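Structure first, commentary second.
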Amino acid sequence: MHHKPARHSRGRICRLALGALTAVTVAALAGSSAAGAATFPLEVTPVAPANGSTITMPASSSTLAFEFTGSVPASVNGSTVEISRSPTLGQDGTLADDLNAGIGFVNRRDSDPTRFAGSAVIPNLSQPGPFYFQFHSFAIDYSASATKICPDSGQYGGSCTLASSVYSFTVAAPQPPAPPAARQPPAQSQPSDGLPLSNATARRAARALAIRFYGARSPKVVSMHRIDVSRVKCRVSWRTKSGAKRSRMMKVRRTTWGGVDAYLA
């Protein structure tokens, strides 16, 4: 009869201890959950694409390289990059999920731990206009961690999201192809025979034509223009018996048999 109260007393003590332990556990989980919901700044600088830059993309392209530099906690080795056509943020402080236009991942470079590089898939990347992007990482603090990443981590640790500012780049509209160059009709001229014609020979032939055709007295070649190696255009001037000045343009060419042919231009 004297042992029953003792059993009831031990059971009551156990129930109280279990309740206290449950309360502590719930409080710890609640604290961890609250920390996981918080978002804190991630101080980085985008390298590619640069913030505010304008890029040109091929029509079929849907992948873009991303890179940033900054002081990121050593325990954070990767970061998600989200892309949107709107700078609107969601409830967690990152770009709104329902407006997402692309997503990718960047990893810490082994050669330079201050830089993170990777790529993202953006299905409509070739569409001209502004794009917005943001980097964010999930960080965890353990109870035994000497240095806390999340400012609101408690004695049992915690977790949080580290999010950068929202950056932007613009995809330029594709340039229309240049129209084909108009084809110029070939100049109509008498074909060259390919034999060289000297200037002195051309002048003599032009003066002789002026004498023979116009009866010119003491004609002079006042200008010359070489068409090619075997053809020359000459302007011949002379005075008539009455003293009037005359001038005519003539062409001289070397013939295939070695002679010279002069004619009016």
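The values are calculated or read from the model by the stated rules, or taken from the named source; none is laboratory data. Keep in mind that what you see is a predicted model, and the values were worked out from it rather than measured. Note that we place each Cβ from the backbone using ideal geometry, even for glycine, and neighbour counts take in every protein chain shown.
Scanning region 76-94 for residues that are aliphatic (A, V, I, L, M) and over 24 Å from the mean Cα position of the chain (by Cα), which turns out farthest from ALA139 (Cα to Cα)?
Of everything passing the filter in region 76-94, LEU89 is farthest from ALA139 (Cα to Cα).
Within region 37-59, how many residues are touching a Ser or Thr at 6+ places or on another chain (Cβ under 7 Å), under 16 Å from GLY93 (Cα atoms) and exposed (fewer than 14 other Cβ atoms within 10 Å of the Cβ)?
The total comes to 1.
If you check every pair at least six apart or on different chains, which have Cβ atoms under 8 Å apart with a residue in region 128-144 that is on the phi < 0 side of the Ramachandran plot and surrounded by fewer than 22 Cβ atoms within 10 Å (Cβ to Cβ) first and a residue that is of a type in the set (D, E, K, R) and assigned to a loop (DSSP other than H, G, I, E, B) second?
The qualifying pairs are PRO130/ARG85; TYR132/ARG85.
The rows are residues; the columns are (1) small (Gly, Ala, Ser); (2) touching a residue at least 12 places away in the same chain (Cβ under 8 Å); (3) farther than 28 Å from ASN100 by Cβ.
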| position | (1), (2), (3) |
| --- | --- |
| ILE149 | no, yes, no |
| ASP152 | no, yes, no |
| CYS160 | no, yes, no |
| SER165 | yes, yes, no |
| ALA178 | yes, no, yes |
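Every residue in region 121-165 that is polar (S, T, N, Q) and out of contact with any helix residue (DSSP H, G or I) (no Cβ under 6 Å at 6 or more places or on another chain), please.
Answer for region 121-165, where residues must be polar (S, T, N, Q) and out of contact with any helix residue (DSSP H, G or I) (no Cβ under 6 Å at 6 or more places or on another chain): ASN124, SER126, GLN127, GLN134, SER137, SER143, SER145, THR147, GLN155, THR161, SER164, SER165.
Can you say whether SER218 is farther than 29 Å from MET249 by Cα and modelled with pLDDT of 80 or more, as far as the supplied structure shows?
In short, no.
Looking only at region 110-123, decide whether some residue is more than 18 Å from ARG85 (Cβ to Cβ), out of contact with any Gly (no Cβ under 8 Å at 6 or more places or on another chain) and of a type in the set (S, T, N, Q).
yes
I'm trying to understand the selection: among the residues of region 145-166, which are within 29 Å of PRO87 (Cβ to Cβ) and buried (at least 17 other Cβ atoms within 10 Å of the Cβ)?
Those that are within 29 Å of PRO87 (Cβ to Cβ) and buried (at least 17 other Cβ atoms within 10 Å of the Cβ): ILE149, CYS150, GLY158, SER159, CYS160, THR161, LEU162, ALA163, SER164, VAL166.
What residue, among those in region 189-215 that are surrounded by 14 or more Cβ atoms within 10 Å (Cβ to Cβ) and either more than 14 Å from ASP261 (Cα to Cα) or in contact with a Ser or Thr (Cβ under 6 Å, 6 or more places away or on another chain) (or both), is modelled with the lowest pLDDT?
Only one residue fits best here, namely SER192.
Working only within region 228-256, note down all residues that are in a loop (DSSP other than H, G, I, E, B) and polar (S, T, N, Q).
SER230, THR240, SER242, THR255, THR256
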